[in-house]
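Take a look at the structure below.
Values in this text are rule-based calculations from the coordinates and carry no lab data. It should be emphasised that the depicted structure is a prediction, and the values quoted were computed from it without experimental measurement. Methodologically, a virtual Cβ is constructed for each residue, glycine included, from the backbone with ideal geometry; neighbour enumeration extends over all protein chains shown.
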Amino acid sequence: MTRSNIRLRRRAAAAAAAGLLVVSVPVGTAWSEETPSPSVSASPTASASASEEFPQLTPAVARQLDRAVRQVMDDARVPGVTVGLWAPGKGSYVRAFGVADKSSGAPMSTGLNMRVGSVTKTFTVTALLTLVDQGKVGLDDPIGKYVKDVPNGDRITLRELAGMRSGLFNYSMDPDFFKALTSDPQRPFTPQELLDYSFRHPVQFQPGEKFEYSNTNAILLGLVVEKASGRPLAEYLERNVFEPAGMNHTFLPHNAAFPAPHAQGYTDQTASGKTENATYWNPSWAWAAGGAISDQRDLRIWARVLATGTLLSPATQAERLKTEPSNLPDTGYGLGIFDAHGWIGHNGSLPGYEALVVYLPEPKATLVVLLNTDTNYQGSEPSTLLGEAITSVVTPQHVYSLPAQPAAK
């Protein structure tokens, strides 16, 4: 039995959740100083560690957040969402809203396993950076040193891949790839097949010339991790990223297996264009760029680990956080990490699911949003709309916002 299978068997079912409805919320002042209520949260609070728990946010702020979340759900027709917000000395807000399964009406819960899309990129790049710290790779090594036949492979560096500045075409934007995925969502894809979709296109620009988000970059970095470490990416992540961070419910699956309990996921990225259930679509097509599974508890841990660099040397973390300007307003991108209006972390989207995992350094605030749809509303991803609504209430000087990116973000 593989280590991942052992972990699947350890998973236990987790708890209940809450409702729907509502109205828009005025921008509030951050972190009200009223006396916290002893019983605001609708769902059990997940812990980042056994010793760290916060009082709940004040009833007034919690009510504002409830209205904000429900308004987005109503507007964007989000079936279910979980929200976790924690800040030392200020309080916590942990909620589950709506349904995990539209057919059965089973409620959403903070204990569910979820597909996290491009939050996976933060895992993959962290794995790469641990190898930098071990002296096994260099950020300014050309990708051609590790992977053959990459266009401009003698010039594109690992740094440029991690920073989304390679110029390589994003394979998930290829029409033939989209047709192959949606015509047979259970089919497995190899990393080389994904690269083939990219490499049939000319480079979009010269290395380092500008920022352009591309899943191709993360696939290549996953292959670098495998070659430099001598281990499969999933195994290296488990031993060198997830276990050291204390994340027991996070892994990169080998197939479409999805441990219970999990939410059903709904997408309109389908061959018919109609909304369908994408829960068991094989995530191999996203692999190192977007294939991971996690839960709220682990992502609460990860938001801080990622932003503060506890798995890396200070020098390497400093390189990671050099967030050069992107083509997105008031947003920078470092090495597999966004800085969006001060919130550091990453979003994630793939058919059926979205995630937002971010950390605001000054108040040491963590925000984790997980939902079971990726269907855009008026051109925006629902995870971004939720992040914006929540941060407008609690951190009006740092309102999270991020325009939609290409598929499997």
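With the chain treated as a Gaussian network of Cα nodes joined by springs under 10 Å, which of 92, 349, 272 yields the largest mean-square fluctuation? Answer for the Gaussian network model of the chain: 272.
On full extension of the chain, what length is gained from residue 322 through residue 176, given 0.36 nm per residue of separation minus the C-alpha to C-alpha distance?
Working: separation 146, 0.36 × 146 = 52.56 nm, distance 3.54 nm.
Going from the current span to full extension adds 49.0 nm.
Between the residues 249, 128, 81, the greatest Cα displacement towards the positive end of the dipole of the chain, with unit charges on the Cβ of Lys, Arg, Asp and Glu, is found for 249.
Listed values for the range 219-230 are Karplus-derived 3J(HN,Hα) couplings in whole Hz (6.51 cos²θ - 1.76 cosθ + 1.60, θ = phi - 60°), namely 4, 4, 5, x, 5, 5, 4, 5, 5, 6, 9, x, and x replaces Gly and Pro.
Quick check: the angle from helix 382-394's long axis to the longest principal axis of the chain, C-alpha only, nearest 10 degrees? It works out to around 50 degrees. Here residue 210 is the anchor, and the lysines within straight C-alpha reach of less than 27 Å, apart from those fewer than 8 places off in the same chain, are 121, 145, 148, 322, 409.
For P(r) over Cα pairs in 20 Å bins from 0, in percent, the candidate list reads [x] 26, 60, 14, 0; [y] 21, 52, 24, 3, 0; [z] 29, 60, 10, 0; the entry that matches the value derived from this model is [z]. Counting only Cβ charges, +1 for Lys and Arg and -1 for Asp and Glu, the dipole size of the range 235-379 around its Cα centre is about 220 debye.
For residue 190 and residue 362, what does the FRET efficiency come to when R0 = 25 Å and r is the distance between their Cβ atoms, rounded to the nearest 0.05? FRET efficiency, residue 190 to residue 362: 0.05.
Of the listed peptides 209-221, 227-239, 178-190, 113-125, what is their order by residue-averaged count of other C-beta atoms within 10 Å, with the highest listed first? Numbers along the way, then the final one.
Numbers: 209-221: 23.2, 227-239: 18.4, 178-190: 14.8, 113-125: 28.9.
Descending packing order for the listed peptides: 113-125, 209-221, 227-239, 178-190.
The H on the amide N of residue 341, modeled in the peptide plane, is under 5 Å from the matching H of 332, each at least 5 residues off or on a different chain.
Please report 341, 201 as a ranked list, fewest other C-beta atoms within 10 angstrom at the top and most at the bottom. Could you put the intermediate results ahead of the total?
Numbers: 341 20, 201 15.
Going from sparsest to densest Cβ surroundings: 201, 341.
Each peptide in 292-303, 129-140 gets a packing score, the mean of other Cβ atoms within 10 Å over its residues, and the list from highest to lowest is 292-303, 129-140. Gap in Å between the Cα centre of the range 128-163 and the Cα centre of the range 217-238? Between the Cα centres of the range 217-238 and the range 128-163 lies a distance of 12 Å. From most to least packed by mean Cβ count within 10 Å, the peptides 247-256, 143-152, 386-395 give 386-395, 247-256, 143-152.
For the range 354-365, putting each phi into the Karplus relation 6.51 cos²θ - 1.76 cosθ + 1.60 with θ = phi - 60° gives couplings of 9, 9, 9, 9, 9, 9, 10, x, 4, x, 6, 8 Hz, in residue order, rounded to whole numbers and with x for Gly and Pro. Find out how many positive minus negative residues lie around residue 206, taking Lys and Arg as positive, Asp and Glu as negative, among other residues whose Cβ is under 11 Å from that of residue 206. In short, +1. Backbone geometry of the range 65-72 corresponds, through the Karplus equation with coefficients 6.51, -1.76 and 1.60 at θ = phi - 60°, to 3J(HN,Hα) couplings of 5, 4, 5, 4, 5, 5, 5, 4 Hz, x marking Gly and Pro.
Could you identify which residue out of 203, 399, 99 has the top mean-square fluctuation in a GNM of the chain using Cα springs shorter than 10 Å? Judging by the Gaussian network model, the answer is 203.
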